[in-house]
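Q: Structure provided below as structure tokens; questions to follow.
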Amino acid sequence: MTALLTALPDLVQVDLGWWKVAGYDLVQVVSPRTALGTAWIVWHGDHVLHTTDTLPHAGDWVASHVTGGQAR
């Protein structure tokens, strides 16, 4: 999570299970398909862009898109 906070210094907790960063919303939802019982959805406006198991993974996804994606 430390790397995430460094890459995205504007990560702000809005409510329990809801974070905002770089214009994206990271929202935790109940998901019986994951081992932890929850999933994280990355929203931008009214579009779902990505789903993942943890907040750090959701933040890493945003960070990679904000910085232009992964190196090739």
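Q: State all residues of segment 11-53 that are basic (K, R) and in contact with a strand residue (DSSP E or B) (Cβ under 6 Å, 6 or more places away or on another chain); if no residue qualifies, say none.
A: Within segment 11-53, just K20 meets the criteria.
Q: If I go through segment 11-40 residue by residue, how many of them are of a type outside the set (S, T, N, Q) and open to solvent by less than 30 Å² (accessible area, probe 1.4 Å)? Before the answer, list the steps.
A: Quick first cut of segment 11-40, residues of a type outside the set (S, T, N, Q) only: 11-12, 14-27, 29-30, 32-33, 35-37, 39-40.
Those still in the list that are open to solvent by less than 30 Å² (accessible area, probe 1.4 Å) too: 11, 17, 21, 25-26, 37, 39-40.
The total comes to 8.
The values are calculated or read from the model by the stated rules, or taken from the named source; none is laboratory data. Quantities reported herein were computed from a predicted structural model and do not represent experimental measurements. So basically every Cβ, Gly included, is an ideal-geometry build from the backbone, and we count neighbours across all protein chains shown. The area values use the complete protein model at the heavy-atom level, side chains included, leaving out ligands, DNA and RNA. Shrake-Rupley method; radii C 1.70, N 1.55, O 1.52, S 1.80 Å.
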